[in-house]
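Okay, so here's the structure we're looking at.
The values are calculated or read from the model by the stated rules, or taken from the named source; none is laboratory data. Remember, it's a predicted structure, so these values are computed and weren't measured experimentally. When we count neighbours, we look across all protein chains shown, and the Cβ atoms used for this are built from the backbone with ideal geometry, even at glycine.
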Amino acid sequence: MTMTPEKPKVITASPPGKTARQRRISMGWAAFAVPGILWLVFLFIVPMYTIFAVAGGHLNPIFNSPVPVWNPFAWSGANYVAVYHDFVGPTSFIGPILGRTVVYVVIASILSLLIAYPAAYFVARFAGKRKGLFLALMIAPFWISYMMRMLAWIDLLQTNGYINKALVNLHVISAPVNWLGGKSVTVVLGLVYGYIPYLILVLYAGLDRIDQRLIEAGRDLGLSRTQTFVTITLRLSRPAIITGMLITFLPMIGDYFTNQMLSGNVATSMIGNLIDAQLLTTSLQSEGAVLSLFLLVILLVPILYYVWQSRHSEDSVM
Amino acid sequence: MTAVLDSEVMTPATKRRSWRKNPWRKPVVLEAFTWAYLVWSIVPIVIAVIFSFNNGKSDSSWEGFSTRWYWGSTTNSVFENPVFRSAIEQTLRLAIISTILTMILGVAFGIGIHRWRSKTSVTFNFVMVFSYVIPELIFGIAFFFVFTQLFTFVDLGTSAQILGLVTWNISWPAIIIFARLSSIGPAYEEAAADLGCSRLQSLRRVLLPMLMPAIFASTVLVFATCVDDFVICNLLSSSANTEPMSVFIYSSTHGGQSGPQLNALATLMLLFSLVAAAVGFLGYRWITRGERGAGRSQALESITGL
């Protein structure tokens, strides 16, 4: 899907520039877009600006609540300085949280890819007549509520849950483990389980679109199975891998609920948990605003890359 | 060597080697891996659904079948306890209203920016995709601040949640419609114009019918996304009364607490999404009947936004 509207290539004898009729038609189409545009201005651009206004604002000394400043020339740096001191200095505490977020998300992303790619590859290439069945099973989790999927693991991972029972019976562990009491393993498992359906669908769509004849040609020309896979399939699925990784990486970074449900412990808290907690205390809301801007700036490169990709490639799967 | 290749005198070892050398052998390992993945991704959910019918208070040891967590008790059954009921109603209220608004705005927006070629349309296409990719937490925070600081006439709660959900989902129909318009191309409309249709007529009688599958698929998707949404509904809810099912489950499981009634609630959420998916699948197949390339897999992919 190309997102860049290309100018219609019409060869006409008329001089360049739009005719009155063309302009009128164009305005007719514009009428369709206007409600959506106004909506996005007032309910996306203005809200995003509000984060800046709160971040650059100050605290009401009596109610201890944030007072936004709308004029960008009057923005104060006080909240930014406060967040800076959370990063460095004697009272800093964000460093470990940020580091933990990055470690969790990187491990979860790599694990997701290692699990999702082979499965998507099999369904796209070898499922044959059973493709419909595999596809339905593979898509099912995408349709199942995230909360339901987390709840399912809460049931299984409880102290007297099936996982502990099975592990004790198999003598892997001697006593039940409190998996839900702040274990990094559990949080990473939750992230992988939560976001893998989105990744696998993007990978499947990318792999399914690879021309089978290229693979056959590779084999005919004497490449081994592994060589064909590396030089043809893997190379051609690279855009899908990148898109899929982005589509899971971006929400994982801002995730706070997976962590809260499966651990609820400060020992595993991520940057999303911190922002969520700051939002609940009025006096810390402006620092929360600064932190979310910080997050947005870090993620700007991958976000813009994704937007750019979706405009320039055929596989702009959501 | 010729004797070895003869299948009658093959030892198990050479058999295995020749199986490995066969370029058209079945990818057994890959298939086993795929099944393992599917079991891992689906079985926990099946277990959770089963435990919503548990006769006991536990969600980890089975004590017989019962529907007591659905009906029969005003304190424990999700259909009779007012708190659970309010969560179910809130989910449906938010999902239905948001889906209608999203579809009206999104379809018009998709058609508009596809046909209206200007700097403004390109810019807002970008804004729309951008709004879709940023982490939902940042999006939710922006809405939280705008309703508490600027548009204070909108109270946190149902109306704020609906406005948030509509903005968050507008890109589904817009992007799907945009893609469909690109693949349809201008030929049909030109033919309609040649045959004497006005712009509006060709929109109503040619373009809209051709867009129906895309509109239908995105309606289903938006509805399911609204049912499942958590972050926006959580950040923009004002009190327990405006908590939909997803937020209710989240706030009850803090620290790993749960019980079969939560499983029952989650099972209902699952049911809503799966009914939407089933309606989407069957409806999509019905709308596209007789079309070239319309198959079961294609319908599945379309209602999932692929």
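On inspection, B:Ile96 does not qualify as closer than 19 Å to B:Ala276 by Cα, in contact with a Leu (Cβ under 7 Å, 6 or more places away or on another chain) and surrounded by fewer than 24 Cβ atoms within 10 Å (Cβ to Cβ). Is there a residue being in a loop (DSSP other than H, G, I, E, B) and either under 27 Å from B:Thr253 (Cα atoms) or of a type in the set (Gly, Ala, Ser) (or both) anywhere in region A:216-225? Yes, region A:216-225 has at least one match. Inclusion of B:Glu80 among residues that are under 24 Å from B:Ser159 (Cβ atoms), away from every other protein chain (no Cβ under 12 Å) and either without any contact (Cβ under 8 Å) to a residue 40 or more places away in the chain or touching a helix residue (DSSP H, G or I) at 6+ places or on another chain (Cβ under 6 Å) (or both) is not warranted. Evaluation of B:Cys197 against the conditions (1) free of Cβ contacts under 8 Å to residues at least 24 places away in the same chain; (2) in a helix (DSSP H, G or I) shows that the sole unmet condition is (2). Just one of the numbered conditions (1) over 27 Å from A:Tyr305 (Cβ atoms); (2) assigned to a helix (DSSP H, G or I) is not true of B:Asp155: (2).
Being touching a residue at least 60 places away in the same chain (Cβ under 8 Å), in contact with a Pro (Cβ under 7 Å, 6 or more places away or on another chain) and either of a type outside the set (D, E, K, R) or surrounded by 22 or more Cβ atoms within 10 Å (Cβ to Cβ) (or both) is not true of B:Ile303. Among the residues making up region A:105-127, those that are in a helix (DSSP H, G or I) and at the interface with chain B (Cβ under 10 Å from one of its Cβ atoms) are A:Ile115, A:Ala116, A:Pro118, A:Ala119, A:Ala120, A:Tyr121, A:Phe122, A:Val123, A:Arg125, A:Phe126.
Here is a check on your reading of the model: is A:Leu291 over 17 Å from A:Tyr121 (Cβ atoms) and not aromatic (Phe, Trp, Tyr)? So A:Leu291 fits the description; yes. Close contacts from region B:268-279, counting a first residue that is within 15 Å of B:Leu300 (Cβ to Cβ) and of a type in the set (A, V, I, L, M, F, W, C) and a second that is at pLDDT below 90 and loosely packed, with under 15 Cβ neighbours inside 10 Å, with Cβ to Cβ under 7 Å and a gap of 6+ residues or different chains, come to none at all.
Sort through B:Phe147, B:Phe109, B:Phe143 and tell me the only one that's in contact (Cβ under 8 Å) with a residue 60 or more places away in the chain and more than 7 Å from chain A (Cβ to nearest Cβ).
Just one listed residue meets the conditions, B:Phe147.
For region B:52-67, taking the residues that are more than 12 Å from chain A (Cβ to nearest Cβ) and more than 19 Å from A:Asn164 (Cβ to Cβ), the one that is modelled with the highest pLDDT is identified as B:Phe53.
Conditions (1) of a type in the set (Val, Ile, Thr); (2) crowded, with 22+ Cβ neighbours inside 10 Å; (3) more than 7 Å from every other protein chain (Cβ to nearest Cβ), marked per residue:
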| residue | (1), (2), (3) |
| --- | --- |
| A:Arg130 | no, no, yes |
| A:Leu133 | no, no, yes |
| A:Leu151 | no, yes, no |
| A:Ile154 | yes, yes, no |
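The C-beta contact set for region B:118-139 (first residue farther than 10 Å from A:Phe44 by Cβ and among the acidic types (Asp, Glu), second residue in a helix (DSSP H, G or I) and at pLDDT 90 or above, distance under 6 angstrom, 6+ apart or interchain) comprises B:Glu136/B:Val231.
Could you please give the count of residues in region A:231-244 that are surrounded by 20 or more Cβ atoms within 10 Å (Cβ to Cβ) and among the aliphatic types (A, V, I, L, M)? The number of residues fulfilling the criteria is 1.
If the condition is being assigned to a loop (DSSP other than H, G, I, E, B) and surrounded by fewer than 21 Cβ atoms within 10 Å (Cβ to Cβ), then region B:40-64 contributes B:Phe53, B:Asn55, B:Gly56, B:Lys57, B:Ser58, B:Ser61, B:Trp62, B:Glu63, B:Gly64.
Cβ-Cβ contacts under 6 Å between residues 6 or more apart (or on different chains), taken from a first residue in region B:216-244 that is more than 12 Å from every other protein chain (Cβ to nearest Cβ) to a second residue that is among the charged types (D, E, K, R), are listed as B:Ser237/B:Glu243. Tell me, yes or no, whether region A:156-178 has at least one residue that is closer than 24 Å to B:Gly305 by Cβ, of a type in the set (A, V, I, L, M) and surrounded by 19 or more Cβ atoms within 10 Å (Cβ to Cβ). The answer is no; no qualifying residue exists.
Output the residue which, of all residues in region A:128-173 that are assigned to a helix (DSSP H, G or I) and among the small types (Gly, Ala, Ser), is farthest from B:Ala48 (Cα to Cα). Ranking the candidates gives A:Gly128 first. If the condition is being farther than 16 Å from B:Ser246 by Cβ and modelled with pLDDT under 90, then region B:80-112 contributes B:Glu80, B:Asn81, B:Pro82.
Exactly one residue among A:Ala30, A:Ala55 is surrounded by 15 or more Cβ atoms within 10 Å (Cβ to Cβ), closer than 28 Å to B:Ala187 by Cβ and either within 9 Å of another protein chain (Cβ to nearest Cβ) or modelled with pLDDT of 90 or more (or both), and that residue is A:Ala30. Here A:Gly254 passes the criteria (1) at pLDDT 90 or above; (2) surrounded by fewer than 21 Cβ atoms within 10 Å (Cβ to Cβ); (3) within 11 Å of chain B (Cβ to nearest Cβ) except the one numbered (2).
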